[in-house]
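Let me begin by presenting the structure, written as structure tokens, before commenting on it.
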Amino acid sequence: MGVPVSQMWAVASYVVRQKLSGRKRYPLVLMLEPLFRCNLACAGCGKIQYPADILRKNLSVDDCLNAVDECGAPIVSIPGGEPLLHPDIDKIVEGIAARGKYIYLCTNAILLEQNLHRFKPTKYLSFSVHLDGPREDHDAAVCRDGIYDKAMQAIRTAIAKGFRVTTNTTVFNHSSPERLHGLFDELMQMGVEGMMISPGYQYEKAPDQEHFLNRSQTTSLFQRVLGNAKRSWVFNQSPLFLEFLKGNWKLECTPWGNPTYNVFGWQRPCYLLQEGYVSSFKELMDLTEWDNYGAASGNAKCQDCMVHCGYEPSAVDATFGTWKGLLASARATLFGPPKSQPVPEEAVPQAAPPKPHFVPLSMDIHAEDKLEPVAQSCD
Ligand code: SF4
Ligand code: SF4
């Protein structure tokens, strides 16, 4: 199984239309954050550190659909926070699907099974389940025991009910390639449609600052994670983005490719940095000083960033914009990615995973899922 042909066609024809119209900057995926609340408090998360009045806010259904219409991207990713905590998430999904847009609803899956009845299986909707490794690694990354098992059970149920399910994995400097390989095998056997993998971004607000990767650590680690990728592993990412992560393909960031809309408005310049907000998509595109961003700009905040929201649209643009990119993508799709030279383990010193600790009571603001109070979390 893989991405439906209709979705591939929607994206390819959209990109070709942008190219033919001479549009220099175009959005590919709208990052729609309908709320910042979450029922977890992961150590590497930079999205949930807002005061309670902000965490309680929800975008309305109309706000969300207006943003989808303004932006025009063929794909809408719904991260958060935890989108399943939004009281109208089913209506938001229904409205976006009715517009013929493809949706990735990102979830930690704690509430997925009990909310499945609110959604209809459709080619337009995929649940993208957060899984940062096998059981021990994932539970350490999300700072709570038992979440891996809950997520895996929810994935099985969602697939059995006919939903599209993908996964998203964030890689840190304590991630083990061998253990990730075991996770990939298991997910494929379960019938997951495709996996997304990306290095974490060093959010200034994230509680854990010790486990992010710099650029050379990222490429070394990804050579070991993806260097001998099995043909059975399906990644729902561009072949060129995966080659970029391994250091085999040069890309520059296209931050406008994944514009972000949330309770503050349109976020400048990208999903990761918060350098002001504007009230319309047009203002975002017209008034942002795009040359100030990306590794080539010299911006210190961008030097170690190789995250999918900046570089996946660059990979798609390179695929459809150059014969070299198109041929490399076709070759990787048909014959598998080129094998990387083996990277010695010592080239990527592996850090210890985050240490468990007690979550402060203030985090109860996120616990609207009525789970038992959080017992353990990490620094
Ligand atoms: S699941 Fe973790 S990473 Fe995702 S929004 Fe919640 S706290 Fe952040
Ligand atoms: S390099 Fe990363 S942080 Fe910088 S603009 Fe691009 S996506 Fe944002």
Review point. Structure shown: which of Lys57/Lys101; Lys24/Lys282; Lys47/Lys301; Lys57/Lys301 lie over 22 Å apart, alpha-carbon to alpha-carbon?
Key: Lys57/Lys101; Lys57/Lys301
Study note, to complete from the structure: For the chain, averaging the sequence separation of alpha carbon pairs under 8 Å that lie six or more residues apart and dividing by its residue count, the contact order in percent is 20
Check your understanding: How much mean residue ellipticity at 222 nm does the chain get from its helices, if each DSSP H run of length 4 or more adds -39500 (n - 2.57) and you divide by all residues, to the nearest 500 deg cm²/dmol?
Key -> -10500 deg cm²/dmol
Study note, to complete from the structure: The answer for Cys270, listing residues at least 5 apart or on another chain whose modeled amide H is closer than 5 Å to its amide H, is Glu275
Review point. Tally Lys/Arg at +1 and Asp/Glu at -1 over every other residue whose Cβ is under 12 Å from the Cβ of Lys301; what's the total?
Key: -3
Review point. Within straight cross-link reach of Lys123, meaning Cα distance under 13 Å, which aspartates and glutamates are found once same-chain residues fewer than 8 apart are removed?
Key: Glu94, Glu193
Point to revise | J(HN,Hα) series, region 182-187, from Karplus relation 6.51 cos²θ - 1.76 cosθ + 1.60, nearest Hz, glycine and proline x | key: x, 5, 4, 4, 5, 5
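Glu70: net charge of surrounding residues, Cβ under 14 Å, Lys/Arg +1, Asp/Glu -1, itself excluded?
Counting the neighbours of Glu70, the net charge comes to -2.
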**Study point:** Gaussian network model of the chain, springs between alpha carbon atoms under 10 Å - residue of Met31, Met196, Met188 with greatest fluctuation
**Key:** Met188
Review point. Using θ = phi - 60° and the Karplus form 6.51 cos²θ - 1.76 cosθ + 1.60, what ³J(HN,Hα) does each residue of region 85-102 get, whole Hz, x for Gly and Pro?
Key: 7, 6, x, 10, 4, 5, 5, 4, 4, 4, x, 6, 4, 5, 8, x, 9, 8
Revision key, fill the gap. Once Glu252 and Asp88 are pulled to full extension, the length gained, defined as 0.36 nm per residue separation minus their Cα-Cα distance, is 55.4 nm
Point to revise | Cut-off 15 Å between beta-carbons: net charge of the residues surrounding Pro79, Lys and Arg +1, Asp and Glu -1 | key: -2
Study note, to complete from the structure: Applied in sequence order to region 132-144, the curve 6.51 cos²θ - 1.76 cosθ + 1.60 (Karplus, θ = phi - 60°) yields integer Hz couplings, x standing for Gly and Pro, of 8, x, x, 2, 5, 5, 5, 4, 5, 5, 8, 6, 7
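All of the numbers you see were taken from the coordinates with simple rules; none came from a lab. Bear in mind the structure is a predicted one, so any value in this text is a computation, not a measurement. With ideal geometry, Cβ positions are generated from the backbone for all residues, glycine too; neighbour counts draw on all protein chains shown.
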